[in-house]
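Only the coordinates and a few stated rules stand behind these numbers; no lab work does. Everything quoted here is computed from the prediction, not taken from an experiment. As a convention, Cβ positions derive from the backbone with ideal geometry for all residues, glycine included, and neighbour counts pool all protein chains shown.
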Amino acid sequence: MFFLLSKILPFALEPAVWLLALLAAALLSRRHPRRQRGFLLAALALTLIGTNSGLVNEAYLAWEMPPVRLRRIAPHDAGVLLTGITHPLKSPHDRVYLGEGADRFTNALWLYRAGRIRYIIVSGGSGSIRQVAHTEAHDLATLLRLAGVPRQRILVEEQSRNTRENALNTKLLLSRHPEIRSLVLITSAFHQRRALACFRKVGLQPTPFPADYRTNDPVRTPSYWLPDASALGRWSHLLHEITGYLTYKLLGYC
């Protein structure tokens, strides 16, 4: 039930949905001018805030965990690469389709090549309610092998559907690999806060290595605050993650 709700409720966090609701309410309030004016002003305010590229960048800067320099990562036994960055529903299924968040993969490979991790644990099944041809962990393991990582250095966990299950199933996998004692957790910077808390909750103490930054270094000139239609999508993404973190806290998952 929780998994299903987690796929449905994000629609309620879409600023574009709020905007449409306010405009629809204004249209239905034609007989009540004051009420209609209130809905229109609220829609205007939402549009001004929701499309402001500078404001959403500042919000992400406050939420994302800061970058960690590669030289600050001591050698660890393994890196845990969280999935959520491929499109397993895209056909034909004879290749891997990477989307936003591909930095998770490239950063994990970078850590391996730099000798900071000896194994790469790919954790994640499918976050889709539809049946998929193969899991995201399977796809990323394929890419790692194509990039030259030996098969014996890749461990795959492909049952998890969310961040809590990533932590639980990674701990279960590690029980079969006592040689792995230290971990680096590789996920998106906006997601690292929740993921790290989940792993710590189950008794693991990974070193965070945030990737996939959705922010730019702020240059607070007038153009920094100009409207950008893509900002609405960025707000939606950030609100979804913050809501997920708070929900996990409430349920005791992290």
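Only one of the numbered conditions (1) over 18 Å from residue 125 (Cβ atoms); (2) part of a helix (DSSP H, G or I); (3) touching a residue at least 24 places away in the same chain (Cβ under 8 Å) is not met by residue 250, and that is (3). Taking each residue of the range 40-60 that is over 16 Å from residue 25 (Cα atoms) and looking for partners that are of a type outside the set (A, V, I, L, M, F, W, C) and in a helix (DSSP H, G or I) with beta-carbon atoms closer than 6 Å, six or more apart or interchain, yields 50/15; 54/224; 56/234.
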